[in-house]
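Enquirer: One structure follows; several queries about it will come next.
The values are calculated or read from the model by the stated rules, or taken from the named source; none is laboratory data. Keep in mind it's a predicted model, so treat the numbers as computed, not measured. For neighbour counting, all protein chains shown are included, and Cβ atoms are generated from backbone atoms with ideal geometry for every residue, glycine included. In case anyone asks, the SASA skips ligands and DNA or RNA and just uses the protein heavy atoms, side chains included. Shrake-Rupley method; radii C 1.70, N 1.55, O 1.52, S 1.80 Å.
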Amino acid sequence: MAETRRPSYANGASTRPLLGVTIPAVLRSTVARWPDRDALVVRSQNYRASYQQLWDQVEKAARALLALGTKKGDRVGIWSPNRYEWVIVQFATARIGAILVNINPAYKATELRHALTQSGVSVLLLARAFRMTSYSEILERVRGELPELRRAVVIDHEWDELMKQGEAVPVEDVETIERTLQFDDPINIQYTSGTTGAPKGATLSHHNILNNAYFIGQTLHYTEEDRVCIPVPFYHCFGMVIGNLACVARGATMVAPGEAFDPGEVLEAVEAERCTSLYGVPTMFIAMLAHDAIGTRDLSTLRTGVMAGSPCPVEVMKQVKSKMNMSQVTIAYGMTETSPVSTQTAVDDPLDKQVGSVGRVHPHVEIKIIDPESAAVVPRGERGEFCTRGYCVMLGYWNDQDASSAAVDAAGWMHTGDLATMDDEGYVNIVGRIKDMIIRGGENLYPREIEEYLYTHPSIEDAQVIGVPSKKYGEEVMAWLKLKEGESLTDEALTAFCKDNIASFKIPRYWKIVDAFPMTVTGKIQKFKMREAAIEELGLQDAAKVDTA
């Protein structure tokens, strides 16, 4: 009788129950236990607060938001790089039941307009500018198209004034609202690009992100003694959940080196703040390993961390363990819609599993790998679509029931679109993607969204966007364009057309003008053939051979 292979299904059995509380309840508990321990350090602002001080500032900000007329369920947007105010707003909105809408710091006018109107943001807190981009100017360009936006507060010069406004609101008003909060209430909207073009707002509850953060901290063995270096952006689940919330849930210290990633600043912060954990996408770790300071900074306090956001090159993982003292570094896999982590390696996993997989199922989560056509669970060792179910799955896409139903099936399974395998021990390996999503330096880019914008150019007849291999970013964006008869465009003109209207990381690195695209007999465009041709034409064979987990 033939032996039947086990199905590619696993559930995260756990003796530790899920937290049935809200984010402010956990923050309150942590403050009570460790009021004098460092909570938040933001080195670029020379900011340092204990948990008690952080609590006091969160309370002031919560009162200030109420003074602006913010009510439970209202959407409050934040558009800023990594600053201490971001973290305060994160917890202040949670205390009054307002839904925090994370705005990507790289957004330009088109994307900002969509996020603010689609979510119905009524109050926006924004930085004046970031790098070469004036947020204030961009907001003014679209302000007339935002009927629900009642108030915009520029953090740089209106923050103190805003806090003073809150003094007129009794603390009891905040506490009264807090007592009405339920852990299943929506508390956060994070925009993730969609295959239909416009970004969709993944709506997450206290229960979603708080529990994910808690069990990430458990996997990393966090205690109040840990100090976590967070160079990844707060607007993303990586910074906000794996970073900030995981620290608060365990009493650890959040350390932000700067507004955005700089390898030298990160290494300096690890040494100066005696960090025990460090986060990053693979490109960040590659940059740190290549930096002159890697051999001179004292990284001896590092123990663990998380590498996630895009496929992790095995050789990079090995160097991080050996050269950065991160013997217990872990790889995590997930997506915004799942709060985000579904699988993670353990700190004591064997070396081959630590560097060659994305780990096993997280506590209280179910995962399965299915045949994309039949939806049947495939035997272990066979590839199929990775699906996940449990507390971590989003409430849905904000005001988009059709997209929600397409992503999460009737049984509650989130279909990721990623191709994966599961071995006999339950370790998962991501081997590709059903969707043609591009992962560039940890940013998920969907070709359709970029194509939709390129279609607006008067000279372009058709546009097809693909990802091509990159040693630095994992993948780079390439656009193949078919122009209207008699038209011509240069690479420089195309880049200029994109520059102020879509985020810089979405702008194609490579352009190719063609007369036609490779197609099947039935007229379907074969993007895999475009990718193969691009690898040959651009000389990217070595980048295509990089081994990833």
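Enquirer: Going Cα to Cα from Lys321, which aspartates and glutamates come in below 19 Å? Please leave out same-chain ones fewer than 8 positions away.
Expert: Cα-Cα hits under 19 Å: Asp226, Glu268, Glu271, Asp292, Asp298, Asp348, Asp349, Asp352, Asp547.
Enquirer: List, in order, the whole-Hz ³J(HN,Hα) value for each residue of the stretch 501-516 obtained from phi through the Karplus relation with A = 6.51, B = -1.76, C = 1.60 and θ = phi - 60°; use x for Gly and Pro.
Expert: Karplus-based 3J(HN,Hα) across the stretch 501-516 equals 10, 10, 4, 4, 6, 8, 6, x, 7, 10, 10, 9, 8, 10, 8, 7 Hz.
Enquirer: In straight Cα distance, which aspartates and glutamates are under 14 Å from Lys200, not counting same-chain residues fewer than 8 positions off?
Expert: Glu111, Glu337, Asp400, Asp402, Glu449
Enquirer: Given Cα pairs under 8 Å that are at least 6 residues apart, what percent is the relative contact order of the stretch 292-343?
Expert: 37 percent.
Enquirer: Still on this model: For the chain, what is the relative contact order in percent, using Cα pairs closer than 8 Å and at least 6 residues apart in sequence?
Expert: 14
Enquirer: Still on this structure: Can you give me the % of accessible surface on the chain that is carbon or sulfur? Probe 1.4 Å, all protein chains present, nothing else counted.
Expert: Exposed carbon and sulfur together represent 48 percent of the surface.
Enquirer: A further question on this structure: Any chance you could check the Cα centroid distance between the stretch 119-145 and the stretch 165-179 for me, in angstrom?
Expert: 28
Enquirer: I'd like to check one number: the per residue accessible area of the stretch 404-549, probe 1.4 Å, reported in Å² as a whole number.
Expert: Each residue of the stretch 404-549 exposes 49 Å² on average to a 1.4 Å probe.
Enquirer: Need one number: % antiparallel among DSSP beta bridges in the chain, to the nearest 5.
Expert: Here the antiparallel bridges make up roughly 60 percent for the chain.
Enquirer: Could you report the stretch 222-351's accessible area per residue, 1.4 Å probe, as an integer in Å²?
Expert: 27
Enquirer: Please say if the stretch 145-184 is rounded, prolate or oblate, where rounded means a/c under 1.5 for a ≥ b ≥ c the square roots of the C-alpha gyration tensor eigenvalues, and otherwise the choice is prolate for a/b larger than b/c and oblate otherwise?
Expert: The shape class here is oblate.
Enquirer: May I ask for the distance between the Cα centers of the stretch 15-47 and the stretch 209-246, given as a whole number of Å?
Expert: 11
Enquirer: Using only the Cα atoms of the stretch 1-128, build the gyration tensor, take square roots of its eigenvalues as a ≥ b ≥ c, and label the shape rounded, prolate or oblate: rounded if a/c is under 1.5, else prolate if a/b is larger than b/c, else oblate.
Expert: Judged from the Cα gyration tensor, the stretch 1-128 comes out oblate (a/c at least 1.5, b/c at or above a/b).
Enquirer: Rounding to the nearest 20 debye, state how big the charge dipole of the stretch 400-460 is about its Cα centre with +1 on each Lys and Arg Cβ and -1 on each Asp and Glu Cβ.
Expert: 220
Enquirer: Determine, for each peptide in 361-367, 88-94, the mean count of other beta carbons within 10 angstrom over its residues, then list the peptides with the highest first.
Expert: In decreasing order of mean packing, 361-367, 88-94 become 88-94, 361-367.
Enquirer: With a cut-off of 8 Å between alpha carbons and a minimum separation of six or more residues, what is the relative contact order of the stretch 220-339 in percent?
Expert: 25
Enquirer: Additional query: From the phi of every residue in the stretch 57-63, what ³J(HN,Hα) in whole Hz does the Karplus formula 6.51 cos²θ - 1.76 cosθ + 1.60 yield, where θ is phi - 60° and glycine or proline is x?
Expert: 3J(HN,Hα) across the stretch 57-63, in whole Hz: 6, 5, 5, 4, 5, 4, 5.
Enquirer: Checking the a/c ratio against 1.5 first, then a/b against b/c, what shape does the Cα gyration tensor give for the stretch 65-210?
Expert: Verdict is oblate for the stretch 65-210.
Enquirer: I've got another one for you. Quick check on packing: order 468-478, 96-106, 43-53 by the mean number of other C-beta atoms within 10 Å, highest mean leading.
Expert: Highest mean packing first, the order is 96-106, 468-478, 43-53.
Enquirer: Helix-only mean residue ellipticity at 222 nm, the chain, DSSP H runs n ≥ 4 weighted -39,500 (n - 2.57), per residue, nearest 500. What is it?
Expert: -9000 deg cm²/dmol
Enquirer: At 37 °C and 0.692 mPa s, what whole-number value in µm²/s does Stokes-Einstein give for the translational diffusion of the chain, with Rh from the Kirkwood sum over Cα pairs?
Expert: 136
Enquirer: What's the ranking of 333-342, 177-186 by average number of surrounding C-beta atoms within 10 Å, highest first?
Expert: My ranking of the peptides, most packed first, is 333-342, 177-186.
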